[in-house]
Amino acid sequence: MPLHKFPVHLWKQLRLREGIYSRLPQHYLRTLKEAPTPTPVHYRPHGAKFKINPKNGQRERVEDVPIPLYYPPESQLGLWGGEGWILGHRYVSNHKRSKRVRKIWKPQLFQRELYSEILDKKFSVTVTMRTLDLIDEAFGFDFYILKTPKEDLCSKFGMDLKRGMLLRLARRDPQLHPDDPERREATYDKYREFVVPEAEAEWVGLTLDEAVEKQRLLEEKDPIPLFKGYVDELVEQLQRQALSEPMVLQKRAIRK
């Protein structure tokens, strides 16, 4: 007999159907339910389900097994390009009979200044060489942030940047180059393919806790004191009485 009504790995998905979670915007809930596979970084996929063994010429089944990665908290403050820590073991003297010890493979990090055209600001960011290569492939820092999905960015800082860029594109903020309207319009036209509605851009990159707090603030209403309700009711009654008094006076005049 199972201990739980639903498997443990479904609890997070079932939680989205109840309470304030169910009232979150549908476009945000879709991002939580979708779990696309991130782009392989630390391994090379076979690209096929079967492969010919060169020794015996037989067809063998192959499988792409992703290497488990650990993303430390500092990775959320930079742009590591999907790289992370690989936790494993190594032999002390490179021999299988020697002692095995733990080892952590870490990416090489650099501090670089990156400029955003949309935000018109420079950011000092911790990056990897792969991040710089991806920025070059995307033809710019803004294009890299806007094109890269959440599962490949793997960075809270990157998603916050994307939300800020999308909001500025949706609002066509006049604070961008206020003294040069032509340059401002050229920048907005350059990235017009990424424009989304402002109501949707406000939720991009928010964690579940941040989204719940945002929804709570949207639904929050200030309590109305009782005396205000009574005052409004009294005013309405007096208005009704004032409208009915001329009719009564007119009827009395007719009788005389």
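The values are calculated or read from the model by the stated rules, or taken from the named source; none is laboratory data. Everything numeric in this text was worked out from a predicted model, so none of it was measured. Virtual Cβ from ideal backbone geometry, glycine too; neighbours counted across all protein chains shown. The area values use the complete protein model at the heavy-atom level, side chains included, leaving out ligands, DNA and RNA. Shrake-Rupley method; radii C 1.70, N 1.55, O 1.52, S 1.80 Å.
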In nm, the gap between the two label points placed 7 Å beyond Cα toward Cβ at Trp105 and Val8 is 2.9
Calculate the tail of P(r) for the stretch 87-178: the fraction of all Cα-Cα distances greater than 23 Å, expressed in %.
-> 41
Extension length gain for Arg192 and Gln237 (0.36 nm per residue less Cα distance), in nm, is 10.6 nm
In degrees from 0 to 90, rounded to the nearest 10, what is the angle of the helix 181-190 Cα long axis to the longest principal axis of the chain?
-> 60
Compute the acute angle (0 to 90°) between the alpha-carbon long axis of helix 156-171 and the principal axis of greatest extent of the alpha-carbon atoms of the chain; round to the nearest 10°.
-> 50
Which value, in Å² and to the nearest 10, is the accessible area of Phe141 when all protein chains are kept and the probe is 1.4 Å?
-> 10
How many Å² of accessible area per residue for the chain, probe 1.4 Å?
-> 76
Pair Leu16, Lys55: separation of 7 Å Cα→Cβ label points (nm) | 4.5
Computed, not fitted: 222 nm per-residue ellipticity of the chain from DSSP H runs ≥ 4 (each -39500 (n - 2.57)), nearest 500, equal to -12000 deg cm²/dmol
Segments 50-57, 178-185 sorted - mean Cβ within 10 Å per residue, highest first = 178-185, 50-57
For Cα Rg over 2.2 N^0.38 Å, several values are listed as (i) 1.09; (ii) 1.69; (iii) 1.00; flag the one computed from this structure.
-> (ii)
Note: probe point = Cα of Arg163 + 7 Å toward Cβ; backbone nitrogen < 19 Å; residues of the stretch 23-53 passing the test are 23-34
